[in-house]
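One structure below.
The values are calculated or read from the model by the stated rules, or taken from the named source; none is laboratory data. Because the structure is a prediction, the values reported are computed rather than measured. Cβ: placed from backbone, ideal geometry, glycine included. Neighbour counts: every protein chain shown.
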Amino acid sequence: MIKHLLYLSRSEETSHSMPSTSAQRLRALDLLKTRGMLRLKDFIAEGIGPETLARLVREEAVVRPARGLYQLPDAHLEAAHTLAEAAVLVPKGVVCLTSALQYHELTLQMPSAVWMAIDRSAWRPKIDYPPIRFVRFTGSALTEGIERHRIENVDVPITDPARTIVDCFRYRTKIGLDVAMEGLREGLRRRRCKPDQLWHYARKARVWSVMRPYVEAMVSDGA
């Protein structure tokens, strides 16, 4: 009898501490309208339970583009939609390499996966969708030359044009030297970066000796 009363007491406390289902539903939809995409843990932090989300998905009021990620079905999807998805799923990651080149319109390449940098000691997330390829950065490499762009109400960190080009040369064996050179040529031609910016990042990444001949040749050719 005492155990039964204690169980009822705890159940009442839980029901009072959590918003009603209808309140959770309205709150979930409002959050998605404001923030675009959220993870399950974001909803739980707002007092919205998994059952409410599951019901919204069944009713097709909310869609789940990836495991643990939710958005509205009529959300306006930008060309960089997958970058926003990746940023939500990997909040400490940075969009880089070919994905950053494409975002800055410095390449015609269409990467089959989102390139993201994470800390060298960080746990590598297991994500089914969108496909993500990871590289490891350390120290200031994760903070210097990083721009924050608003995509579908998501704050997405992306390496700036000069930093992106240098990183492409640094990881040329992974993405191809032709891609790095395309980014360099377009970056200089469209004045998205300056030679001194390239030198600054390349010196730190220890790839200036590799880049220097290409930079000097393109500058002299008026690229």
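Brief remarks follow.
- Restricting the range 84-102 to residues that are at pLDDT below 95 and over 21 Å from TRP123 (Cβ atoms) leaves a set whose member that is surrounded by the most Cβ atoms within 10 Å (Cβ to Cβ) is ALA84.
- Taking the criterion of being more than 15 Å from ALA205 (Cα to Cα) and surrounded by 21 or more Cβ atoms within 10 Å (Cβ to Cβ), the residues of the range 112-144 that qualify are VAL114, TRP115, MET116, ILE132.
- Matching residues, the range 88-135, being aromatic (Phe, Trp, Tyr), in a strand (DSSP E or B) and in contact with a Ser or Thr (Cβ under 9 Å, 6 or more places away or on another chain): TRP115
- Tally, over the range 44-72, of residues that are assigned to a helix (DSSP H, G or I) and either of a type in the set (Lys, Arg) or in contact with a Cys (Cβ under 8 Å, 6 or more places away or on another chain) (or both): 2
- Neighbours by Cβ (under 7 Å, 6+ apart or cross-chain): first from the range 17-46, more than 23 Å from ASP74 (Cβ to Cβ); second among the basic types (Lys, Arg) and surrounded by fewer than 17 Cβ atoms within 10 Å (Cβ to Cβ): PRO19/ARG27
- Sole exception among (1) crowded, with 17+ Cβ neighbours inside 10 Å; (2) modelled with pLDDT under 85 for ALA79, by number: (1)
- Top-ranked residue of the range 28-43 - restricted to ones that are surrounded by 18 or more Cβ atoms within 10 Å (Cβ to Cβ) and outside any helix (DSSP H, G or I), ranked as modelled with the lowest pLDDT: GLY36
- A single member of LEU142, LEU188 is in the same structural domain as GLU85 (by TED's automatic domain parsing) and within 16 Å of the chain's Cα centre (by Cα), and it is LEU142.
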